[in-house]
Amino acid sequence: MMNCLQSWPEPVVRVQSLSESGIRAIPERYIKPPSDRPGFEKQEHVDIPVVDLKNMFSHDHTLHEETLKVISSACKEWGFFQAVNHGISHELMKRTREVWREFFNLPLEVKQEYANAPTTYEGYGSRLGVQKGAILDWSDYFFLHYLPVYLRNPSKWPSLPSSCRDLISEYGAEVEKLCGRLLKAMSISLGLKEDYLQNAFGGEDIGACLRVNFYPKCPQPDLTLGLSSHSDPGGLTLLLPDHDVAGLQVRKNGKWITVKPVPNAFIVNVGDQIQVMSNAIYKSVEHRVIVNSAKDRVSLAFFYNPKSDLLIEPAKELVSEDRPALYSPMTFDEYRLYIRTYGPCGKTQVEFSESNR
Ligand code: OGA
Ligand code: NI
């Protein structure tokens, strides 16, 4: 299995270069089957919940409980919410997003120095999955390891723009802290000890990576997707979306809901590992990204993950005779090999592990 992850099955094409070449029709490789195309249905007047984190750990018991209740219902009903009053500097968020936009606007030769391979995925990439002939998504990305520290290698991070590495460190430290607080809130709201999820993730030894997505303008946005439907394989995702271009869609009752980004909010979503640990009380929900012909879009996804070689399984406290364990133990390393081989494909994987328990 590892062998087939050594290199890409065909020459890598940068989507941004395609976009900038001025083509009027997208290559066939990016055309999705009709059932997967955006469809641009009339937008429902619903959106994912917005959660004010100001009182997440308030000493006022009522305010604290109220916040946990909204988090809990968002994680059960949607698997997604937008977090405001999260405590992270808006200025830092903006600077970090803009430095990445500048990175993607650098000449191709500069970015190519960071070209990635499917062995670790670190660096500048244009596809997920190594299946020859696969239909591809309309995006490029940069992927890097933030934690554990021994995997962190700033020399693999962009040296240009010159403030990029410092900003990654500063931003990473802040979002890591926020993820820890969210995990605590989720543990309590599941009726577990406040450190349950953090400890089950490996305590101090968790994993974290950053994936910066760049969705270039697309001449035929109705035929393709920026990122195909998937659920995030890891623990918890903190997404910093573009400040003025929507694109993320979340699946709800079989329909796709386009998220309207609230200014300065983070989009938080439950990954497959929290669905497993919560024995499916919290849901890791399918999402995808649509593109448009008018504007590029940049987003930063920070993935807060369990230590890669720990066995992940439903919390004993959430397993009973009435509600047996829905999943058998598996390490995150083993789990994520699937998406790294086959690319994004809905929730087939977590469903697969359900049916094979
Ligand atoms: C992801 C993701 C959404 C977005 O990177 O896993 O779902 O809006 N990104 O870019
Ligand atoms: Ni995702």
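The values are calculated or read from the model by the stated rules, or taken from the named source; none is laboratory data. Computed from a prediction, not measured in an experiment: that's the story for all the values here. As a convention, Cβ positions derive from the backbone with ideal geometry for all residues, glycine included, and neighbour counts pool all protein chains shown. The protein model used for the area step is the full one, side chains on, heavy atoms only, and it has no ligands, DNA or RNA in it. Shrake-Rupley method; radii C 1.70, N 1.55, O 1.52, S 1.80 Å.
In the stretch 262-357, which helices (runs of 4 or more DSSP H) lie fully inside it and hold 1 or more residues that are open to solvent by 60 Å² or more (accessible area, probe 1.4 Å) and among the hydrophobic types (A, V, I, L, M, F, W, C)?
So the answer is 348-355.
Could you list all residues from the stretch 39-80 that are within 30 Å of W138 (Cα to Cα) and at pLDDT below 95?
G39, F40, E41, K42, Q43, E44, H45, V46, D47
When the residues of the stretch 106-119 are filtered to those that are in contact (Cβ under 8 Å) with a residue 24 or more places away in the chain and assigned to a loop (DSSP other than H, G, I, E, B), which remaining residue is least open to solvent (accessible area, probe 1.4 Å)?
P118
Output yes when any residue across the stretch 200-219 is open to solvent by 20 Å² or more (accessible area, probe 1.4 Å), within 16 Å of ligand 2 (Cβ to nearest atom), touching a strand residue (DSSP E or B) at 6+ places or on another chain (Cβ under 6 Å) and not aliphatic (A, V, I, L, M), and no when none is.
yes
Does G234 fit the bill of being within 16 Å of ligand 1 (Cβ to nearest atom), in a loop (DSSP other than H, G, I, E, B) and either over 21 Å from D296 (Cα atoms) or among the small types (G, A, S) (or both)?
Working: within 16 Å of ligand 1 (Cβ to nearest atom): yes; in a loop (DSSP other than H, G, I, E, B): yes; either over 21 Å from D296 (Cα atoms) or among the small types (G, A, S) (or both): yes.
Judged against the criteria, G234 is a match.
Considering only residues that are in a helix (DSSP H, G or I) and β-branched (V, I, T), which ones fall in the stretch 175-209?
V175, I188
Of the conditions (1) under 20 Å from G129 (Cβ atoms); (2) at pLDDT below 95; (3) not aliphatic (A, V, I, L, M), P329 fails just one. Which one is it?
(1)
Do you know which residues across the stretch 226-254 are within 12 Å of ligand 2 (Cβ to nearest atom), more than 14 Å from F266 (Cα to Cα) and among the hydrophobic types (A, V, I, L, M, F, W, C)?
Across the stretch 226-254, the qualifying residues are L227, V250.
Output the helices (runs of 4 or more DSSP H) that fall wholly within the stretch 1-105 and possess 2 or more residues being open to solvent by 90 Å² or more (accessible area, probe 1.4 Å), or say none.
Once the helices (runs of 4 or more DSSP H) in the stretch 1-105 are filtered for at least 2 residues that are open to solvent by 90 Å² or more (accessible area, probe 1.4 Å), what remains is 61-77, 90-104.
Taking the stretch 244-267 as the region of interest, how many residues are more than 12 Å from ligand 1 (Cβ to nearest atom) and aliphatic (A, V, I, L, M)?
3
Please state which of the following conditions R251 fails to meet, knowing it meets all the rest: (1) open to solvent by less than 50 Å² (accessible area, probe 1.4 Å); (2) in a strand (DSSP E or B).
Evaluating R251 over (1) open to solvent by less than 50 Å² (accessible area, probe 1.4 Å); (2) in a strand (DSSP E or B) leaves (1) as the failure.
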